[in-house]
Amino acid sequence: MNPVFPLIAIAVAWTFAGQLGRQWWDRRRAHALAWAFSLFLFGLGHVAVLIGLTAGWSAPTFGIYWLSGALLNVPLLAIGQLHLLDRKRSVIWWTLAGLAVLWNVVFTITATYDTAVLEAATGGIPAGSEVLAGTTAYALLRPMTYTFAIVVIGSVYSAVKMKKWALLLIAVGTTVAAAGSSVIGSSVDYLFPVLSAVGVLLMYTGFRTVSAPARTSEPATATA
């Protein structure tokens, strides 16, 4: 895999994370903060990939990749979507986010990594099913992946409710980024950062639709 691809993904994800963070600071909308955290993790995951490709994979490097690139970024997208759908339950959504972060961090840090697989992974990304086989850190991937449905269904619902069809790009972008994860361990794993960058770009376009200032004082102001 060419290291340039992860660099592009990092630049795209962190640029948009910074812009969403600034939007949160200006308007204090919780969904923007959750999405900013998610895109920051997208970028961090690709930093780990870049280190793994150029300096070799180690347990800490793979742990950062697994935690930020596989386990937590989509759940935080879902937390943002839940805030968008129901801001009144913000405390509940942030509590769920905090528990998910704590749970995943603890089991990723304490997991046993197959160092032989890591050492043999040159020029690509080792598969989590091989590095973390039989660990809780790997088992957590499935329930974390289910939050993908919250993002997609919530985006479609919000697009219909708010009549902002560009919100569908959040669902499309999340799907494209998830497709990138499916190529890891294959002969085309170089597409992982490419698809991640494209997915983040699509998602951010949808995010901007939600965060754009309303043109009237109609209900769109209250829900955006």
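Below are the figures for this structure:
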quantity: Surface per residue (accessible, 1.4 Å probe) for the chain, Å²; calculated: 48
quantity: The stretch 49-131: projected area of the alpha-carbon convex hull, averaged over directions, in nm²; calculated: 5.8
quantity: Exposure ranking of Asp114, Asp86, Asp26 by accessible area [1.4 Å probe, largest first]; calculated: Asp26, Asp114, Asp86
quantity: Pair-distance profile P(r), taking every C-alpha pair of the stretch 79-126, with 5 angstrom steps and integer %; calculated: 4, 18, 14, 12, 12, 10, 10, 10, 7, 2
quantity: Percent breakdown of C-alpha pair distances by 10 Å bin, ordered from the shortest bin, for the stretch 112-195; calculated: 16, 34, 30, 15, 5, 0
quantity: Helical mean residue ellipticity (222 nm; -39500 (n - 2.57) per DSSP H run of 4+; nearest 500) of the chain; calculated: -23000 deg cm²/dmol
quantity: Exposure rank, largest accessible area first [Trp93, Trp25; 1.4 Å]; calculated: Trp25, Trp93
quantity: Accessible-area ranking of Phe62, Phe16, largest first, probe 1.4 Å; calculated: Phe16, Phe62
quantity: Percent accessible area from carbon and sulfur atoms, the chain, protein chains only, probe 1.4 Å; calculated: 69
quantity: Average Cα contact separation per residue, the chain, under 8 Å, 6 or more apart, as relative contact order %; calculated: 21
quantity: Average silhouette area of the stretch 1-90, convex hull of alpha-carbon atoms, in square nanometres; calculated: 6.0
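The values are calculated or read from the model by the stated rules, or taken from the named source; none is laboratory data. Just so it is clear, the structure is predicted and the values come from calculations on it, not from any experiment. Quick note on the areas: whole protein, heavy atoms, side chains included, nothing else; ligands and nucleic acids left out. Shrake-Rupley method; radii C 1.70, N 1.55, O 1.52, S 1.80 Å.
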